[in-house]
Amino acid sequence: MNGHGIPLIWSQIAEGGAGAAAPGSAAAGNAGSMALLAFRRWCSGLTLSSPGPAPGADGLRILLIALAALLVLAVACQGIGTALRQLLDLPGHVGLARRATGRVWGAGQLVAAMITVTVLSWTGGLSLGFLSERSDRWKNDMALVSRSRSAGEMALEQGALAALTPLRDVAGLGDNLPILSLAVYLIFRASSGMVSPAMKKADVAAIRGGRAVEGSGWATVVWGCGSLYVLYRIVSRASGGADLPLGGCLLIEAVVVPILMIVCDGFLLAWLLTELRNAGLPGVGADEERFRPDSALRLMPAAMLGCLAALPSRYLGTLVFLSLQHLPRSVGSGAGGRAIRWLLGWGLVDVQGASLVAVGLVGVVAWGRGGLREVLRGGRRLLRAEGGHLVATTAMSAIATALLAGLAYSVLLLLPLAGWVLPAADSYSHYATLPAGLWTLAGLIELAQRSLPTARALAPEAVDDARGPGEAAPASDAIGGGPDGPLAVAAGIGV
C-alpha cells in the first residue's frame, strides 16, 4: 500500500452501532473523511479531535474515567483516608499552585524565549500554509467540520479533548523546527568544544572539583538524531505532505522516525525540566548555569520515557501509519482494517486518556539521573506520598487546559467561515494552553520533590574523609550551588 493509497483505509469505514452508516453511503464517506481529518490534525499540530462524524461527549467521558483510575491507584497506594484527605486539601492545592507559578517565573528567561519562538513558528507556519495550495484543503476541512458541528459544539468537544493532553505544548517540541534547530546547534557546539568562555570556566571548576562530565555519549545521539529529524521535516514539508508523516521509502522508517521523534522531544523536555527544577532551588539557576545542554543530557533517557508517558499517541500514530504503508491493500478489509482504523482514530484518544494515569512520571524525571528504573521507582514513591495531591493537580491541569482551549475555539469560530479559521483556531488554542502546560510541568516537579526521601546529613569529618586528604572543597560546593552540589543532594536530586 503506497503513500497515495493510505487514505483508502478510512474510506472503508462501516462501523456498527449508533450513528453507523452502510458502506458506500454518504454518511460513511463523511465518517471516513472526519477520521482522516482528525488524524491529520493530530500529526500536524498535536490537536486531538474527534474522528466521529457527529459531536459527542466522548472526550469528557474518557477524561473522567482516567481521573477515576488515577484516584483508585492513589487509594491503593495510600489508603482511602490519606488519599481523600490530600484530594480535599484546598490550602495545599493553593500553595502548590503558588509554588508552581514561582518556578515558572523563576525560569522566566527560557520560558519567554520558548513562548516567543513557538508563537512565531506557529504563526509563520499558518502564513505559509495560507499562501500555498494548503488553503484549498483548509476550506474543505472547514466545510466538513461545519456541516456536522455548530461552533458551540466544536468548542466544547475540543476543550474536552484538549484536557487529555495537558502537556502537549511542552512534551512534543521536537516538531518545532526553530527550537529543535537551535538545540541541535547548541549541543553540537558543546560536544565539539566550541563553547563560550563562561561555560569553559564552569567546566574547569567542575573538573577541579573531581566531577565527571556526564551525558557526553547522549550529546552525540541527540544532535545526530536532531539533525536527521530536521532534514526529515524539511523534506516532508517540501513534498507537500506536512500534515502526515512522510514514508513509503524503507521498511525501517516505521521504527526509525518515532525513535528520532522521541529523542528530540525527550531532550527538549529535559531542558525545560532542568530549568524549572533549578528555579526552585536556592543558589541554583545563575547565568552560568543557563542554556547548558549537559544539564539536560543528564536526564536522558528518562526524559524520553516522560514524553512517552505524556504523549503516547504521538508515537503510536506515527508508528502505525508508517507501518501501514508497507502492507498490502487487502489489509484494509476485515478485522485487520477495523483494528488499524481504531488505532488511527478513537484508539489515539483512548490511549491518550489512559496516559493521564502516568503523567506524574514526568515530574519524577527532573529529580533523577536519567535512569529508567529510578523513574519507575520514583513514580511508585510519588503515588504513596502525594497520590491525592497528584489526582487534584492532574484534574486542575485538565480543567485549565479545557477552559483555555475551549475559549480560543469559541472566539475564533465566531468569525465568518473561511478556510483559515480551523487551523487558526487550532494554533490559538495552543497559544492559550502553553502557559497551562508549563504550570503543569512545574506542579509535577514540585510534587515529585515532596516525595523524595530525606537525605541524611553527613558530619564534616565524614565529608572530609570522603573527599580525601589534601582536597579542597570546590567553590560551587562552598555555596551549595549547582545541580550536583550538597544543596541539591539535600533536596533529593538523584536519590
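All of the numbers you see were taken from the coordinates with simple rules; none came from a lab. A quick note: this is a predicted structure, and the numbers were derived from the prediction, not measured. Using ideal geometry, Cβ is built from the backbone for each residue, glycine included, and neighbour counts are taken over all protein chains shown.
Structure notes:
- Charged-residue dipole, Cβ positions (Lys, Arg, Asp, Glu), segment 58-455 about Cα centre, Debye nearest 20: 680 debye
- Cα gyration tensor of segment 58-455 - equivalent ellipsoid semi-axes, whole Å, descending: 33, 28, 21
- The distance linking segment 372-404 with segment 308-351 is 28 Å (Cα centroid to Cα centroid, whole angstrom).
- Projecting the Cα atoms of Ile65, Ala54, Ala35 onto the charge dipole of segment 34-131, computed from C-beta unit charges around the Cα centre, puts Ile65 farthest toward the positive end.
- C-alpha center-to-center spacing [segment 250-278, segment 155-179] in angstrom: 15 Å
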